[in-house]
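Presented below is the structure to which this report refers.
The values are calculated or read from the model by the stated rules, or taken from the named source; none is laboratory data. As the structure is a prediction and not an experimental result, all values here were calculated from the model. Glycine gets a Cβ as well: all are built from the backbone with ideal geometry, and neighbour counts include every protein chain shown. These area figures cover heavy atoms from the full protein model, side chains too; ligands, DNA and RNA do not enter into them. Shrake-Rupley method; radii C 1.70, N 1.55, O 1.52, S 1.80 Å.
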Amino acid sequence: MIDEAKAFLLEGPRVATLVMVRDDGSPIGVPVWFDWDGEVVRMFAAGDSKKVDRLRDRPAASLVIHNTVDEPEAWIAWDGDVTIGGPGAGDLALRLARRYWDLDDPSRKATYDAWAEAPDTFVLLVMTPSRVRSG
């Protein structure tokens, strides 16, 4: 199943939905950029974000990636605990920005440059999937 997932994911940059649990037990999903190396999923977030607070309290999450409207129906979900911290969050943010954004756009480039000046504002989010689902 991982090989199929990698082929699906590597077709181009895709935005994923990170599904977490709020304090009251209800689910919440937020869009995220991600990087999959065949073993772990890496994401980043601002260190002071609610996303990080939620994951500190309840690290269990799902990350769901799906097709676009003009593609055959397909999706993949990774389930597992998300760990917070470790080196490389700023580097990951800049690498993913180059993948997802057109840096010829002046507003995107300005944001990219601001991120490059303050890489310590980001924290690394890492999920080692305990389960992979697809359809």
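Of the residues examined, Gly86 is one that is at pLDDT below 95, open to solvent by 30 Å² or more (accessible area, probe 1.4 Å) and over 19 Å from Ala16 (Cβ atoms). Restricting attention to segment 50-82, the residues that are over 18 Å from Thr128 (Cα atoms) and buried (at least 16 other Cβ atoms within 10 Å of the Cβ) add up to 1.
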